[in-house]
Amino acid sequence: VTVGEEGFWAGDSPNEYANPTWWAKAMGQDFRRNHLPESIDFATIHIWPDTWGRPEDSFQKSWILAHIREAEEELGKPLLLEEFGKSIESVDETEERNQVYRSVHQLVEDSVRQNRALKGSLFWNWETDLIRSPGSYEINAWDSTFELVKGHASRLREIRENKCAFRCEF
């Protein structure tokens with residue numbers, strides 16, 4: 001069970017400075033408080049470089065890393081990057097989207113390898129060419145971005161196969 005949220009911090013949070021924009025603190029979310037109850041099994045965040053006006057890779061990495069730290073140190077719970085994506089207007093912008101995916105995938109893979117809190121990511125969203133529209137986050141089987149997703153899934157499977165599924169100490 002989780003709450004499913006952007007991961008914003010409220011105005012009175014010590015991590016408010018890490019929010020992507022000034023209005024985030026007023027959205028009724030507080031990452032730590034919302035995920036703290038024992039009935040919440042794992043924490044979630046989203047990252048929307050276009051919507052938030054924060055396209056720089058350095059912000060995206062710091063956003064994810066700040067949540068990994070808080071999930072580990074304050075919550076003691078796993079973290080899922082529940083929604084992420086990059087909107088493109090044309091095929092010419094595909095490489096920009098691919099860079100966002102590469103960056104996210106690397107952070108997830110590193111976290112899983114190191115037994116850190118971030119355990120996975122879900123991209124937004126899968127579509128077909130029948131309903132695709134410009135300015136969208138959609139990817140499909142013909143996009144180079146989908147090749148990145150498949151490669152990421154394979155690497156995660158390999159990482160997990162090389163780890164003990166349960167506590168290995170006896």
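The values are calculated or read from the model by the stated rules, or taken from the named source; none is laboratory data. These figures come from a predicted structure and were not determined experimentally. Using ideal geometry, Cβ is built from the backbone for each residue, glycine included, and neighbour counts are taken over all protein chains shown. For the accessible areas, the whole protein counts, side chains as well, though only heavy atoms, and no ligand, DNA or RNA atoms are used. Shrake-Rupley method; radii C 1.70, N 1.55, O 1.52, S 1.80 Å.
Within the stretch 101-123, being touching a Gly at 6+ places or on another chain (Cβ under 9 Å) and either of a type in the set (Val, Ile, Thr) or open to solvent by 20 Å² or more (accessible area, probe 1.4 Å) (or both) holds for VAL108, VAL112, PHE123.
What residue, among those in the stretch 9-46 that are at pLDDT 95 or above and closer than 26 Å to GLU96 by Cα, is farthest from the chain's Cα centre (by Cα)? My answer is THR44.
Across the stretch 138-170, the qualifying residues are those that are aromatic (Phe, Trp, Tyr) and either open to solvent by less than 40 Å² (accessible area, probe 1.4 Å) or farther than 20 Å from VAL104 by Cβ (or both), and the one among them that is modelled with the lowest pLDDT is PHE170. Looking across the stretch 72-100, the residues that are open to solvent by less than 10 Å² (accessible area, probe 1.4 Å) and either without any contact (Cβ under 8 Å) to a residue 40 or more places away in the chain or over 13 Å from the mean Cα position of the chain (by Cα) (or both) come down to ARG97, ASN98.
Just to be sure before I move on: is ASP129 of a type in the set (Asp, Glu), outside any helix (DSSP H, G or I), closer than 25 Å to SER154 by Cβ and modelled with pLDDT under 95 in the structure I sent? Yes, satisfied. Could you check the stretch 34-58 and list, in sequence order, the residues that are open to solvent by 10 Å² or more (accessible area, probe 1.4 Å), in contact with a helix residue (DSSP H, G or I) (Cβ under 9 Å, 6 or more places away or on another chain) and either in a helix (DSSP H, G or I) or at positive phi (or both)? Result: ASP57, single match. Taking the stretch 1-32 as the search range and keeping residues that are over 14 Å from HIS67 (Cβ atoms) and of a type outside the set (Gly, Ala, Ser), which one is most open to solvent (accessible area, probe 1.4 Å)? Per the criteria, the residue is TRP22.
Going through the stretch 69-102 one residue at a time, which ones are acidic (Asp, Glu) and not in a helix (DSSP H, G or I)? Once the filter is applied, which keeps residues that are acidic (Asp, Glu) and not in a helix (DSSP H, G or I), the stretch 69-102 yields GLU82, GLU83, GLU89.
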